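In what follows, a structure is listed as structure tokens, so that the remarks can point back to it.
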Amino acid sequence: MNKIGRGAYTKYDDKDSKMPIGTTVAKPSFVVQPTGKVALGPLFLMEKMTRGFNAATANWRYAMVMPGGKLFGMTGSKNSAGLKFCHDCHVGGEDNDYMLFLPEEVRK
């Protein structure tokens with residue numbers, strides 16, 4: 001979480017609140033291979049854009065970077081359709097500006 005969104009994220013508990021424009025969240029991931037070996041997975045990014053950027057995603061821009069650094073896709077750009085699954089999942093957090101929160105005790 002960048003500095004723009006950190007304060008709002010750590011205190012976020014109001015319904016119908018909005019994250020500040022410019023909030024950027026980066027979430028690394030990993031995959032477990034059939035052999036049990038753990039490997040680096042994609043890096044998932046989301047950024048709160050200005051009103052009018054993309055009403056279909058509530059003005060969130062999603063991006064996914066593959067483990068070698070290659071961009072898989074980005075909302076409104078390369079392979080935007082391939083990232084539809086990001087917002088489809090975040091719809092579950094619609095009342096919280098599409099954010100999905102960790103328990104409060106670990107939001108630091």
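Laboratory data are not the source of any read-out in this text; all were calculated from the coordinates shown. For clarity, every value in this text was computed on a predicted model and none was experimentally measured.
Just one of (i) 27, 17, 11; (ii) 24, 19, 12; (iii) 38, 13, 11 is semi-axes √(5λ) of the Cα gyration tensor in Å calculated from these coordinates, so which is it? The value matching this structure is (ii).
Among the listed pairs Lys48/Lys78; Lys18/Lys78; Lys37/Lys84; Lys3/Lys37, a Cα-Cα separation exceeding 23 Å is found for Lys18/Lys78; Lys37/Lys84; Lys3/Lys37.
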